[in-house]
Amino acid sequence: MKTTTQLRQMLDSGPMVVAPFILNALHAKIAESVGFDAVYMTGAGTAAERGFPDVGLLTMTEMVANAKYIAGAVDIPVICDADTGYGNMINVQRTVREYEAAGVAGIHIEDQLFPKKCGFFEGKQVIPMEEHVQKIRAALDARRDPDFVIIARCDAYAVTGWEDTVTRCRAYRDAGADMVFVDGIKTPEDLANYATDLKELPRMYNGDLAPTQEVDALGYRLMICGSTIWLVYKQIRDSFAELKETGQVNPERYGTRWDVAGLLGLDQIYELERKYGSSNIPVA
């Protein structure tokens with residue numbers, strides 16, 4: 001089954017889909033190995049891996065390149081940040097087609113003014129609602145696979161208030177978006193209001209204000225969990241500090257090269273080398 005169809009079926013029925021943030025293909029394979037049914041390619045993490053803050057400095061080409069590696073590494077659906085669509089309605093159409101060709105299952109496109117900022121940063125600006133409605137329509141017209149999921153992200157809450165956010169989300173859904181995504185939810189009260197005031201719409205949530213089970217109980221259909229990438233930052237930073245201060249990292253803190261190589265398919269490479277006669281490794 002296509003991953004687009006997998007994702008759509010999961011969103012349409014069953015428990016809420018939980019997709020941890022992943023920065024790269026390795027992280028995606030780790031998430032798949034522990035049993036997650038989907039992963040989320042973070043724009044913030046993709047930018048961070050290239051040394052930039054999440055303020056719209058990466059191009060569509062750079063984002064799609066990362067998405068292609070990730071989608072090619074796992075069999076589960078990959079949901080991706082597509083920022084503002086990287087331009088106007090025509091740019092949005094190319095963005096949809098490039099992400100779709102990369103093998104991902106769905107994307108979200110936001111109503112920020114380009115260059116965008118992380119949904120939790122200050123200084124955001126949003127485009128007129130009618131303009132983003134047209135972007136959503138253009139995205140829907142561009143997709144070749146009808147199961148490819150188009151999510152309308154709204155960043156208006158911190159800019160124009162909650163009432164405008166609700167109005168925008170309903171307009172984006174009316175335009176045909178498969179799901180809405182209000183970013184910048186910062187308090188449990190925000191999370192509850194989001195669930196109550198837009199209860200008729202399929203909703204996505206980004207954050208860690210409550211356990212996944214509680215968010216599911218509020219009727220959300222998709223939750224992306226960003227705490228995972230900030231954990232990566234702290235663990236790596238702490239291990240570097242330990243190495244600097246003591247000259248060694250406690251082996252209990254890390255896995256081995258063989259753990260990683262096994263996850264990445266080293267045994268299958270050896271088997272192929274034996275099959276095609278390009279290996280000196282004896283047959284067991």
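No value in this document is a laboratory result; all are computed from the given coordinates. Model, not experiment: these values are computed from the prediction. Glycine also receives a Cβ, built like all others from the backbone with ideal geometry; neighbour counts cover every protein chain displayed.
Highest mean packing first, where packing is the average number of other Cβ atoms within 10 Å per residue, the peptides 260-270, 193-203 line up as 193-203, 260-270. Spin-label pair TRP258-ALA65: with each label point 7 Å from Cα along the Cα-Cβ axis, the two points sit 3.5 nm from one another.
One Cα centroid belongs to region 209-259, the other to region 150-194; the line between them spans 28 Å. Taking a sphere under 12 Å around the Cβ of GLN235 and counting the other residues whose Cβ falls inside, with K and R at +1 and D and E at -1, yields a net charge of +1. Ordered by the number of other Cβ atoms lying within 10 Å of each residue's own Cβ, fewest first, TYR69, TYR86, TYR40, TYR172 fall into the sequence TYR69, TYR86, TYR172, TYR40. At R0 = 25 Å, how high is the FRET efficiency between ARG170 and ALA192 if r is their beta carbon distance? Nearest 0.05 is fine. Rounded to the nearest 0.05, the efficiency is 0.85. The Cα atoms of region 55-193 give a gyration tensor whose axes a ≥ b ≥ c have a/c of 1.5 or more with a/b greater than b/c, which makes the shape prolate. Here the residues MET204, MET16, ranked from fewest to most Cβ neighbours within 10 Å of their Cβ, fall in the order MET16, MET204. Separation of region 45-70 and region 111-141, taken as the distance between their Cα centroids, equals 18 angstrom. What aspartates and glutamates does LYS275 reach when the alpha-carbon gap must be under 18 Å and sequence neighbours fewer than 8 apart in one chain are set aside? Cross-link targets: ASP267.
How would you classify the chain from its alpha-carbon gyration tensor, with a ≥ b ≥ c the square roots of the eigenvalues: rounded for a/c under 1.5, else prolate if a/b is greater than b/c, otherwise oblate? Prolate shape, in that a/c is at least 1.5 and a/b is the bigger ratio. Annotation: lysines with alpha-carbon distance below 28 angstrom to LYS234 (same-chain offsets under eight excluded): LYS29, LYS68, LYS116, LYS117, LYS124, LYS186, LYS244. All other residues whose Cβ lies under 15 angstrom from that of MET10 are scored, Lys and Arg at +1 and Asp and Glu at -1, for a net of -3.
Here the extension length gained between ARG97 and GLN235 equals 46.0 nm, from 0.36 nm per residue of separation less the Cα-Cα distance. Between LEU209 and LEU26, residue separation times 0.36 nm minus the direct Cα-Cα distance comes to 63.2 nm.
Sorted on the mean count of surrounding Cβ atoms within 10 Å across their residues, most packed first, peptides 110-116, 213-219 read 110-116, 213-219. Around the Cα centre of the chain, unit charges on the Cβ atoms of Lys, Arg, Asp and Glu (plus for the first two, minus for the last two) sum to a dipole of about 600 debye. Adding -39500 (n - 2.57) for every DSSP H run of four residues or longer, then dividing by how many residues the chain holds, sets the calculated 222 nm ellipticity at -14500 deg cm²/dmol.
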